[in-house]
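The values are calculated or read from the model by the stated rules, or taken from the named source; none is laboratory data. These numbers were taken from a predicted model, which means no experiment stands behind them. Cβ placement follows ideal geometry from the backbone for every residue including glycine, while neighbour counts extend to all protein chains displayed. With ligands, DNA and RNA removed, areas are computed over all heavy atoms of the protein, side chains included. Shrake-Rupley method; radii C 1.70, N 1.55, O 1.52, S 1.80 Å.
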Amino acid sequence: MTATTTGLRHDPHKSVPRSSWPRPPRLLGEYCTDLSFMLGSLSIVMFWMFGFGILLGAGAIAAGIAAYRHPAVEGNEPKGLEALLGILTGAFGIAAGLVFLAAALPNL
């Protein structure tokens with residue numbers, strides 16, 4: 001007589017329950033380089049908004065520095081250059097916003 005199994009063997013590697021909730025994307029790393037570049041570009045476009053471009057530029061610099069220091073970006077040269085480009089666009093947006101404020105405020 002032979003014994004049949006039901007196929008319910010205990011596998012210790014498969015016993016970890018998985019959550020059905022989706023995982024949120026990590027903000028740092030590769031996503032933060034894109035965020036830095038977008039905020040820097042918006043700061044250049046919005047320099048005339050009486051300080052809003054300066055705030056966007058500061059956010060671009062902060063996100064670029066956080067992305068540049070992330071371990072996933074350190075070994076990836078294109079992402080590192082994208083983070084540096086976000087920092088530079090943020091700095092240029094801050095400079096353009098300050099020049100606009102210096103020119104516009106005396107005329108108000």
Exercise. Out of all the residues in the range 50-57, is one or more within 15 Å of the chain's Cα centre (by Cα), surrounded by 13 or more Cβ atoms within 10 Å (Cβ to Cβ) and either small (Gly, Ala, Ser) or assigned to a helix (DSSP H, G or I) (or both)?
Worked result: yes
For this session: Might you check whether a residue that is modelled with pLDDT under 90 and outside any helix (DSSP H, G or I) occurs anywhere in the range 80-97?
Result: no
Exercise. Using beta carbons and a limit of 8 Å, which pairs, at least six apart or on different chains, have the first residue in the range 38-53 and under 11 Å from Ala96 (Cα atoms) and the second one open to solvent by 60 Å² or more (accessible area, probe 1.4 Å) and outside any helix (DSSP H, G or I)?
Worked result: Gly53/Phe47
